[in-house]
1. Restricting the search to the range 107-121, which residues are surrounded by 11 or more Cβ atoms within 10 Å (Cβ to Cβ) and either in contact with a strand residue (DSSP E or B) (Cβ under 8 Å, 6 or more places away or on another chain) or among the basic types (Lys, Arg) (or both)?
2. Looking at the structure I just gave you, is residue 64 under 14 Å from the mean Cα position of the chain (by Cα), under 19 Å from residue 90 (Cα atoms) and surrounded by 17 or more Cβ atoms within 10 Å (Cβ to Cβ)?
3. For residue 10, are the conditions met, namely being out of contact with any strand residue (DSSP E or B) (no Cβ under 8 Å at 6 or more places or on another chain), of a type in the set (A, V, I, L, M, F, W, C) and free of Cβ contacts under 8 Å to residues at least 24 places away in the same chain?
4. If only one of 78, 134, 149 is among the small types (Gly, Ala, Ser), in contact (Cβ under 8 Å) with a residue 24 or more places away in the chain and open to solvent by less than 70 Å² (accessible area, probe 1.4 Å), which one is it?
5. Could you say which residue among 104, 40 is surrounded by 12 or more Cβ atoms within 10 Å (Cβ to Cβ), in contact with a strand residue (DSSP E or B) (Cβ under 7 Å, 6 or more places away or on another chain) and part of a helix (DSSP H, G or I)?
6. Considering only the range 75-95, I want to know if a residue exists there that is closer than 26 Å to residue 14 by Cα, part of a helix (DSSP H, G or I) and touching a strand residue (DSSP E or B) at 6+ places or on another chain (Cβ under 6 Å).
7. On the given criteria, is residue 47 assigned to a loop (DSSP other than H, G, I, E, B), of a type in the set (A, V, I, L, M), out of contact with any Cys (no Cβ under 8 Å at 6 or more places or on another chain) and over 23 Å from residue 129 (Cβ atoms)?
8. Checking the condition surrounded by 10 or more Cβ atoms within 10 Å (Cβ to Cβ), among the charged types (D, E, K, R) and either over 26 Å from residue 25 (Cα atoms) or touching a residue at least 40 places away in the same chain (Cβ under 8 Å) (or both), which residue from 87, 45, 124, 91 passes?
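The values are calculated or read from the model by the stated rules, or taken from the named source; none is laboratory data. Since this is a predicted model, take the numbers as computed values, not measurements. Counting neighbours? That spans all protein chains shown, and the Cβs are built from the backbone with ideal geometry, glycine included. In case anyone asks, the SASA skips ligands and DNA or RNA and just uses the protein heavy atoms, side chains included. Shrake-Rupley method; radii C 1.70, N 1.55, O 1.52, S 1.80 Å.
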Amino acid sequence: MIRTATPADVPVIHALIRDLAEYEKALDEVRATPDQLHEALFGERPAAFAHIAETEDGEPVGFALWFLNFSTWRGVHGIYLEDLYVRPEARGGGHGKALLTELARICVERGYERLEWSVLNWNRPSIDFYESLGARPQDEWSVYRLTDGALAALGAPVTV
């Protein structure tokens, strides 16, 4: 079962984010707090959205966290999937596909023309899964990111 996350889900979303980061060998990079997640998902101006995958007895086993992007070439919004994670013991049960299916349904319903995400190059099980659904890598593009000191240096006020 897939459902839209509620404020009561923030602790489980936070735990799943930490599980995902551990899987991706980057747990030490997680800085997000439950309060920050609550504000981003349910604050006055939500910037992100989440769905929860549950077992038949209502136990959360996965999540998708996403936000809107915009294609200047197509002139419409799309969904950027920031995180998709299903607990190892629940993998193979259709939860990941159900989460992606729900996001694709939202795209179709709202007239969005893209559903996109990034995947680590070493994560062959996920790559195989995504490709089995018809997703294709965008090999002609490279992801760039500014964080920490480089971001602060570039964004620092210019003094004349």
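1. 107, 110, 112, 113, 114, 115, 116, 117
2. Spelling it out, residue 64 is indeed under 14 Å from the mean Cα position of the chain (by Cα), under 19 Å from residue 90 (Cα atoms) and surrounded by 17 or more Cβ atoms within 10 Å (Cβ to Cβ).
3. Spelling it out, it is not the case that residue 10 is out of contact with any strand residue (DSSP E or B) (no Cβ under 8 Å at 6 or more places or on another chain), of a type in the set (A, V, I, L, M, F, W, C) and free of Cβ contacts under 8 Å to residues at least 24 places away in the same chain.
4. 78
5. Selected residue: 104, the only one of 104, 40 that is surrounded by 12 or more Cβ atoms within 10 Å (Cβ to Cβ), in contact with a strand residue (DSSP E or B) (Cβ under 7 Å, 6 or more places away or on another chain) and part of a helix (DSSP H, G or I).
6. Yes, the range 75-95 contains a residue that is closer than 26 Å to residue 14 by Cα, part of a helix (DSSP H, G or I) and touching a strand residue (DSSP E or B) at 6+ places or on another chain (Cβ under 6 Å).
7. yes
8. 87
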